[in-house]
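Please read the structure below before turning to the comments.
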Amino acid sequence: MKPIRLMSGFFTVGFWTLLSRILGFAREALLIALIGPGPVMDAFVAAFRLPNMFRRFFAEGAFNAAFVPMFSKKYESAEGAQKFAQDAFNGLGLAVLILVGLGMVFMPGFVWLTAEGFSGDERFDLTVGYGRIVFPYILCMSLAALFSGILNATGRFAVAAAAPVLLNILLVAAMTLAALTGGKIITWLIWAVPVAGVAQLALTWHAAAQAGFHLTPSRPRWTPDMKAMVVIALPAALASGVMQINLVVGQLVASQYDKAVSWLFAADRLYQLPLGVVGIAVGIVLLPDLSRRLRAGDDDGARVALSRAGEIALALTIPSAVALMVVPQTLVSVLFERGASNVDDTAAIATAVTIYGLGLPAFVLQKILQPIYFAREDTRRPFYFALVAMAVNVVLAVGLAPLVGWIAPAIATTFAGWSMVVCLIIGARRFGKTARFDDRFHKRIWRIIAASMVMGVALVLGDAVLEGLLNTPWWRGLGLMVLVVIGAFSYFGTGQILGAFQLAEFKAAMRRGKA
């Protein structure tokens, strides 16, 4: 079998995810500039979150946690991978079709459950209308996630990672064309979502066929493998459901405050950049790699893979978190403050960015630690840990709201993220040393933190020196680029000197990723 190159796979997924997130920034910048925080943007955010919420539940959460390890092992041993993938395709398609039908009928109930604060004003009806247009997107994305799982398990990461780029390209194009032609921007934006879903599904479906897995719709069959997958998926589905409850609780609290849903959404987009590029990329590559190594009895290789994934992920995440915490105002003002967005919006979003920055390492560590369980087809413990995190989130989001207002959901999300990490670390002890980071990781992590602190000081000083440039409308972008260069040189230079990493390791992995 073709081996999975962990580091090159990570950089391949990371590159395409970075491109997608950059386009995502363009999308959010246009959204904030052309529509702006307010009822219409609140309604779009709430409506678009519905299919994405269920997508994480059905596709990226429960389904992938069960499908990818089972498919990887069948692919590794050449034991009916094609038949298993076909049955999974039929079963997932039927389940999501039923969900889409229920969503279209009961959309007002879904909106009330996820954004109860919209009741009684124009945002509620807007969200229901938008929701019925974008909800079928979940069918395309769930099936695209299956094909992406097949591609990832066979070591073909590029197409699956590139698919989300189509969504942002089409949404940016829709808003741009609407603005240029005088069309209603929100209408173009809403209808572009299902079109993008079809494009993503077509791309991954074709790529999977080229990889040798030709899947076509047919009658679902209940087989022992499907039963085993459902048994594994059910706890993961419940765990994903718990995580989505956290999002819903946050939105419910935020919906009680004017513009809060939009502020938190914009802040979420900013911290999702490093989370997507680093955490999600590592998780995507690590899960099939661990599954195949464990199937082959390569315990030492599994530990090395886990340690190197953790090392490279935190080497990129910790400095990102520091940057979000020390210069959030500059980042938000340059990226989002234009058009319908004003200084007050920038201040609010920057506050949320700072808090999310504190939780960023936790969110990435979850993506590294969860494959330890999923690769062993253990989805029950992550579910129990998710319940703990949910309890922390609900208590803090609801309990702090009367004291700190709209920012309570961000605080709750960060604390819940670290609670989940603590549970995952403690629970992994039962798997022995295979599930623990090695000595090299422990030596380097403190040097990574030290280099990140040096970078933080350099960013604060650079921000002060470049203040005039950063506050000049036409030159703010250039000022931010200079600040990024200052941060990069200070971090990577200090890290190289301290031995936190070797730049040659990054270069070699990137070359392999392009090969």
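Sorting the segments 19-29, 310-320 by their residues' average number of neighbouring beta-carbon atoms within 10 angstrom, most packed first, yields 310-320, 19-29. In order along the stretch 476-493, phi translates into HN-Hα couplings of 4, x, 5, x, 5, 4, 4, 5, 5, 4, 4, x, 5, 5, 5, 6, 5, x Hz, rounded to whole numbers, per the Karplus curve 6.51 cos²θ - 1.76 cosθ + 1.60 with θ = phi - 60° and x for Gly and Pro. Across the alpha-carbon atoms of the chain, the computed radius of gyration and Dmax are 22.2, 66 angstrom. With R₀ fixed at 41 Å, the C-beta to C-beta distance from VAL198 to ARG429 puts the FRET efficiency at about 0.35.
Were the residues from GLN502 through THR472 laid out at 0.36 nm apart, the gain over their Cα-Cα distance would be 7.0 nm. For the pair ASN342 and ALA95, a Förster radius of 35 Å applied to the C-beta separation gives a FRET efficiency near 0.20, rounded to the nearest 0.05. Based on alpha carbons, the Rg and Dmax found for the stretch 298-385 are 17.9, 56 Å. Neighbour counts of C-beta atoms inside 10 Å place TRP406, TRP475, TRP418 in the sequence TRP475, TRP418, TRP406, starting with the fewest. Sorted fewest first by neighbouring Cβ atoms within 10 angstrom, GLU467, GLU76 come out as GLU467, GLU76. With θ taken as phi - 60° and the Karplus curve 6.51 cos²θ - 1.76 cosθ + 1.60 applied, the whole-hertz 3J(HN,Hα) list for the stretch 330-335 is 5, 4, 5, 5, 5, 7 Hz, x standing for glycine and proline.
Note on TRP446 and VAL422: with the Förster distance fixed at 25 Å, the Cβ-Cβ geometry gives a FRET efficiency of about 0.85.
The count of lysine pairs in the chain with alpha-carbon distances below 17 Å, taking only pairs 8 or more places apart or on different chains, stands at 9. For the pair VAL482 and LYS184 in one chain, pulling the backbone fully straight at 0.36 nm per residue adds 103.6 nm over the alpha carbon distance.
Three principal axis extents describe the C-alpha atoms of the stretch 189-234; from largest down they are 42, 27, 19 Å.
Rule-based calculations on the coordinates, nothing more; no lab input. Here the structure is a predicted model, which means the values were calculated and not measured. When we count neighbours, we look across all protein chains shown, and the Cβ atoms used for this are built from the backbone with ideal geometry, even at glycine.
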